[in-house]
Amino acid sequence: MTEHEEILDSPVEWVAKHIRRYVETDGKQGYLYYGKPTLLLTTRGRKSGKLYRTALIYGQESDRYLLIPSNGGQSNHPAWYLNLVENPAVEVQIGAEKFSARARTASPEEKPALWKIMVSIFAQYNTYQAQAGRDIPVVILERI
């Protein structure tokens, strides 16, 4: 990812608005979304090669950041997850801090403890898992 590449924000209007507010204020507005900590994740499109940015609730375990690709409990994975599976090099913004990271899906052994962390932040993930009809993974972001 280069500094001068165009980044396309989520096509979902309320998410795009959240991202704009987050970027314009270096996270002073938008970091907390209904009381939940959020970050901005930029992935490279697996088909288009373009950069895409979305806002996501996150958790932490030691020096790793955690994400849940719940897609609101839908039966399909969100595009951002499919993108990072294909290309795990991502960019992250937390507040004003921006950094590169490597994304990976938690192993079956790692997942239960990490899922518990994320459900403590956003209990709705359990409901999403029950309705999704797919195993919702946990994504681990590790700084590069």
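A straight line joining the Cα centroids of the range 82-97 and the range 4-73 runs 9 Å.
Hey, got a sec? Which chymotrypsin sites (Phe, Trp or Tyr not before Pro) in the range 1-104 land in a DSSP loop and have at most 11 other Cβ atoms within 10 Å? Write out the running numbers ahead of the final one.
On the way: sites: Trp14, Tyr22, Tyr31, Tyr33, Tyr34, Tyr52, Tyr58, Tyr65, Trp80, Tyr81, Phe99; in loops: Tyr31, Tyr34, Tyr58.
Within the range 1-104, the qualifying chymotrypsin sites (Phe, Trp or Tyr not before Pro) (loop, at most 11 other Cβ atoms within 10 Å) are Tyr34.
Once a ≥ b ≥ c are taken as the square roots of the eigenvalues of the Cα gyration tensor of the chain, is the result rounded (a/c under 1.5), prolate (a/b larger than b/c) or oblate (a/b not larger than b/c)? Let's see the in-between values first.
Values: a/c = 1.41, a/b = 1.28, b/c = 1.10.
Rounded shape, in that the Cα axes give a/c under 1.5.
Listed by Cβ neighbour count within 10 Å, with the fewest neighbours leading, Leu41, Leu82 appear as Leu82, Leu41. Any idea what angle helix 111-121 forms with the longest principal axis of the chain, computed on alpha-carbon atoms, 0 to 90 degrees, nearest 10? It works out to around 70 degrees. Counted by neighbouring Cβ atoms within 10 Å, the residues Arg44, Arg102 run from fewest to most as Arg102, Arg44.
Is there a quick way to get the dipole size of the range 12-144? I mean about its Cα centre, with the Cβ of Lys and Arg at +1 and of Asp and Glu at -1; what is the value in debye to the nearest 20? Numbers along the way, then the final one.
Details: 18 positive and 12 negative charges, 73 e Å.
Around 360 debye, computed over the range 12-144.
Using the Cβ of Phe122 as centre and a radius below 14 Å, the other residues enclosed give a net charge of +2, where K and R count +1 and D and E count -1.
We did not get these values from a lab; they are worked out from the coordinates using the rules stated. Small disclaimer: the values here were computed from a predicted structure and weren't measured. In this analysis, Cβ positions are derived from the backbone assuming ideal geometry, glycine residues included, and neighbour counts consider all displayed protein chains.
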